[in-house]
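Laboratory data are not the source of any read-out in this text; all were calculated from the coordinates shown. Everything numeric in this text was worked out from a predicted model, so none of it was measured. Cβ placement follows ideal geometry from the backbone for every residue including glycine, while neighbour counts extend to all protein chains displayed.
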Amino acid sequence: MSELRGTPRAPGRRRVAVVVSRFNESVTIKLLAGARRCLRDKGVADGAVDVVWVPGAFELPVAAEAAAASGRYAAIVALGCVIRGETPHFEYVAGEATRGLGNVALAHRLPVGFGVLTTDSDEQAEARAGGAAGDKGYEAAEAALATADVLAQLSRAAPRD
């Protein structure tokens with residue numbers, strides 16, 4: 001019995017795309033800093049990281065789709081922040097961003113690190129963007145690299161009898 005484990009590390013010589021929402025930019029810029037720190041920690045050179053800015057979380061999937069379709073990237077990291085308001089807008093934006101990013105990952109068999117915060121307040125968002133509740137930008141990049149590692153292992157695995 002063999003076991004495959006994702007060990008987050010640089011995905012060969014291929015590039016990583018980081019797609020970032022400008023909406024709630026005071027938070028997403030911190031998520032980006034965390035993602036960049038992770039990528040550096042795991043051996044991905046700054047020159048192998050392309051940062052793509054989009055207007056909001058709703059636009060993350062279409063940019064991730066374009067990045068995935070280009071064939072240039074070993075992994076994508078999606079970063080955004082949707083804060084609940086007084087209308088159902090939150091549910092639509094958060095749900096569609098989540099669904100769309102998941103669809104990109106499945107359609108292209110490409111890891112998409114999910115760093116889209118969905119919080120009830122600005123304070124919760126700040127806490128998750130490198131504050132007391134962790135660094136979700138770092139974690140999303142780490143998950144993308146670990147998944148890229150597992151996918152590479154799977155592609156090299158011998159077929160079963």
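Tabulated results
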read-out: Shape call, region 75-128: gyration tensor on alpha carbons, a/c limit 1.5; value: oblate
read-out: Antiparallel bridges, percent of DSSP beta bridges restricted to the chain (to nearest 5); value: 10
read-out: Calculated [θ] (222 nm, deg cm²/dmol) that DSSP helices of n ≥ 4 give over the chain, each run adding -39,500 (n - 2.57); value: -15500 deg cm²/dmol
read-out: Cα centroid separation - region 45-70 against region 94-161, whole Å; value: 13
read-out: Summed residue charge, Cβ within 9 Å of Leu117's Cβ, Lys/Arg positive, Asp/Glu negative; value: +2
read-out: Rounded tilt (10° steps) of 60-70 against the dominant C-alpha axis of the chain; value: 30
read-out: Degrees, to the nearest 10: 89-108 long Cα axis against longest axis of the chain; value: 10
read-out: Cβ-based exposure ranking for Tyr73, Tyr92, Tyr138, in which fewest neighbours within 10 Å come first; value: Tyr92, Tyr138, Tyr73
read-out: The chain - percent relative contact order, Cα under 8 Å, separation 6 or more; value: 33
read-out: Tail beyond 18 Å, pair distance distribution of region 36-121 (Cα, percent); value: 45
read-out: Calculated Rg and Dmax of the chain using C-alpha coordinates, Å; value: 15.7, 57
read-out: Amide H contacts of Val19 (H built 1.01 Å from N, under 5 Å, at least 5 apart or other chain); value: Val52, Val77, Ala78, Leu79
